Amino acid sequence: MTIRLPVLLAAWLCAAPAFLPAQNDKPAPNDKPAKAEAPAAADAKDADDDDGKAKKPRVPFLKPKGAYADLAEMGFDPTALLLGGGGGAPKAFYPFVEAVRGLAKVPEAEVVLDLSGGAQFNLPQLRELERALQAVRAAGKKVTCYVEGADLATYQLAAQCDQILLADMGALDLRSPAMNVMHLKDALDLLGVQVEVTRVGAFKGAVEPYMLPTMSDHLRSHYEAMLRTMNDDVVRSIAAGRKLTPDAVRALQAQRLWSAKDALQKGLVDALVPWSGAERALAVVRGNDDFTLKDATAKKKAQNRDLMAVFSNMLRSKKEEAIEDPMVVVLHLAGQIVDGDATSGMASGPSVKKIDELAANEHVKGVVVRVNSPGGSATASEAIRQALIRLAAKKPVVFSMGELAASGGYWITAIGRPILAEAGTITGSIGVFGMRYQLGALMRRLGVHNEIVRLDDGPLMDAMDRPWSDAARGRMQAFVDDIYGRFLAVVATSRKKTVEQVDAIAGGRVWSGQQAVDNGLVDAIGGVDDAVAMIRKEAALTDDVEVTHQPEPKNFADSLFGSMFDAAVASGVDAVALRAVLARHGHLAELWGALHEALTGNGAAKVYALMPPGLRVR
């Protein structure tokens with residue numbers, strides 16, 4: 001059955017208005033990520049109630065909720081709703097960072113961080129929030145944190161506060177970071193699907209899931225070493241915040257689960273409070289309720305909640321504001337790197353266009369390139385890198401790596417400019433491979449026979465029903481070797497190393513941010529604020545030159561019609577919509593991307609600079 005999109009949307013909106021985004025929970029679709037205001041102090045005119053009685057003193061608080069992305073794509077995600085995710089899209093991360101930093105400027109002496117909202121931050125984001133909270137405490141503010149239960153990430157953030165109040169029925173789950181890598185070899189064999197691969201280097205993490213039923217010992221050891229360096233930074237953060245030794249924190253991690261009573265006894269929290277919210281918890285420890293909590297997030301403009309007006313705004317395409325004053329731009333390059341003009345992921349066409357626009361704009365005084373990408377197409381990566389070289393020739397450029405900046409995501413940073421990463425960043429993966437799916441056995445089981453009428457054997461390289469010949473494999477291997485050589489050369493030039501030195505740490509190995517610093521692939525540990533400071537210093541900019549994040553978050557129409565339907569028109573394959581959903585919600589976005597390209601490429605092999613599929617630290 002086929003349902004046309006406008007009919008489906010109209011029926012859904014009319015039938016389920018309760019799923020429309022709540023105004024107080026999510027940023028408005030047109031909010032700018034870098035324009036968050038500092039928390040507002042109580043106005044003098046509000047000091048008294050209408051009856052002349054003095055109001056209770058205010059305590060500013062922040063309560064993050066849900067997942068946060070470096071650059072949230074839109075305020076409402078219908079695909080999450082359809083998949084049972086509740087319709088909640090990730091929120092923009094940097095406005096929240098600015099709100100935290102703004103707590104340093106409020107007149108009140110105490111502020112509250114309420115972590116009972118299920119906020120989700122990745123390791124690099126937690127490091128940036130740690131620095132923001134340190135700035136608040138350095139300004140003389142007492143930071144009180146309320147939690148009703150915490151995983152390791154939530155507790156790491158809570159540990160940066162002066163005191164932690166834990167609900168008396170809560171618990172701490174200090175599960176150490178881990179990775180899940182799904183191997184598909186046995187499943188592909190059952191289906192009769194063979195994956196043909198040409199690769200360079202012994203560390204074949206990107207292709208092992210297709211070639212081996214379980215992880216090889218040497219790759220497991222490499223991943224364990226990477227996890228250890230990431231966890232060392234988590235342990236450092238908690239130990240410093242709670243005045244514990246790293247060994248003590250590591251021992252607490254190993255036991256993982258801690259009841260509220262045991263957490264108090266071990267010094268992980270400062271007090272147990274009733275399970276009744278942050279305000280009552282603060283009243284308990286203060287011994288009085290002579291205060292009121294005041295939300296310190298920036299006030300938003302009232303929105304029209306009329307159903308048809310909301311629907312109209314959702315489908316109105318959003319135009320990015322022109323830069324007409326001196327600015328430092330944080331340019332977000334995110335997603336899997338793909339060739340062409342696709343509107344999802346990091347497509348070479350629009351990415352190059354945006355970079356060249358920034359280079360030509362005299363008001364752009366410097367650019368921080370924030371990279372969040374597992375890599376992708378080698379050719380698209382080179383096109384974007386060349387555009388960044390043109391940009392760096394005209395104005396200062398500093399790279400800031402987010403959760404992922406690996407393979408093609410590292411390739412684009414290799415222009416000889418400073419690179420910052422967090423300890424929890426996954427980077428490196430300097431390697432390339434060619435891959436295609438060979439469906440011969442599956443086709444035979446289905447009774448499908450494929451005839452290829454040809455003039456020579458060249459077209460057989462694309463045949464999905466038969467393996468490569470030795471000659472064809474040799475030609476493909478030579479192609480992969482050549483691109484890998486180019487990768488080594490651009491990194492060697494950028495990092496002032498020899499090709500042999502780069503090759504020794506390449507071969508597809510992935511590294512944590514700290515390992516990358518130790519190996520000379522990254523210059524220092526730091527976040528976006530550190531990168532902006534470097535731009536300001538190099539360009540001799542004053543503090544009144546503002547920072548803006550681009551591209552601006554997409555609205556519903558841009559995200560839905562762009563990522564799903566434009567790509568479908570370009571490829572002629574309706575399954576692209578499914579791929580868009582899987583890529584957005586699954587932890588195997590790289591796998592779905594490679595599978596899609598393999599099945600829509602008429603059997604042709606493609607050369608990737610792509611990190612291992614689904615490799616995330618959780």
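Right, Gly349: of a type in the set (Gly, Ala, Ser) and surrounded by fewer than 19 Cβ atoms within 10 Å (Cβ to Cβ) or not? Yes; evaluated as a whole, the condition is true for this residue.
Where strands (runs of 3 or more DSSP E) sit wholly within the stretch 345-464, those with at least 1 residues that are under 21 Å from Val528 (Cα atoms) and at pLDDT 95 or above occupy 364-373, 397-406, 419-421, 426-428. Quick one: what pairs do we get from the stretch 273-290, first residue closer than 12 Å to Val59 by Cβ, second in a helix (DSSP H, G or I), C-beta under 7 Å, 6+ apart or different chains? Between residues of the stretch 273-290 that are closer than 12 Å to Val59 by Cβ and residues that are in a helix (DSSP H, G or I), the close pairs are Asp289/Ala283.
The condition of being open to solvent by less than 10 Å² (accessible area, probe 1.4 Å), within 30 Å of Leu152 (Cα to Cα) and of a type in the set (Gly, Ala, Ser) holds for only one of Gly440, Gly434, Gly376, Gly402, that being Gly402. Take Ile323 and decide whether it is within 25 Å of Ile535 (Cβ to Cβ) and assigned to a loop (DSSP other than H, G, I, E, B). It is true that Ile323 is within 25 Å of Ile535 (Cβ to Cβ) and assigned to a loop (DSSP other than H, G, I, E, B). Filtered by the rule that a residue be assigned to a helix (DSSP H, G or I), open to solvent by 60 Å² or more (accessible area, probe 1.4 Å) and in contact with a strand residue (DSSP E or B) (Cβ under 7 Å, 6 or more places away or on another chain), the stretch 510-529 gives a lone residue, Gln514. Only a single criterion out of (1) in contact with a helix residue (DSSP H, G or I) (Cβ under 8 Å, 6 or more places away or on another chain); (2) within 25 Å of Tyr94 (Cα to Cα) is not satisfied by Ala378, namely (2). Of all the residues in the stretch 210-267, those that are open to solvent by 50 Å² or more (accessible area, probe 1.4 Å) and at positive phi number 2. Contact annotation: residue pairs with Cβ atoms under 7 Å, 6 or more positions apart or on different chains, pairing a residue in the stretch 207-233 that is touching a residue at least 40 places away in the same chain (Cβ under 8 Å) with a partner that is in a helix (DSSP H, G or I), are Glu208/Leu219; Tyr210/Lys185; Tyr210/Leu188; Met226/Gln515; Thr229/Gln514; Thr229/Gln515; Met230/Leu123; Asp233/Gln514.
The values are calculated or read from the model by the stated rules, or taken from the named source; none is laboratory data. Note that the coordinates shown come from a computational prediction; the quantities given were computed from them, not determined experimentally. Cβ sites come from the backbone with ideal geometry, for glycine too, and all protein chains shown count toward neighbours. Please note that ligands, DNA and RNA were not included when accessible areas were found on the heavy atoms of the full protein model with its side chains. Shrake-Rupley method; radii C 1.70, N 1.55, O 1.52, S 1.80 Å.
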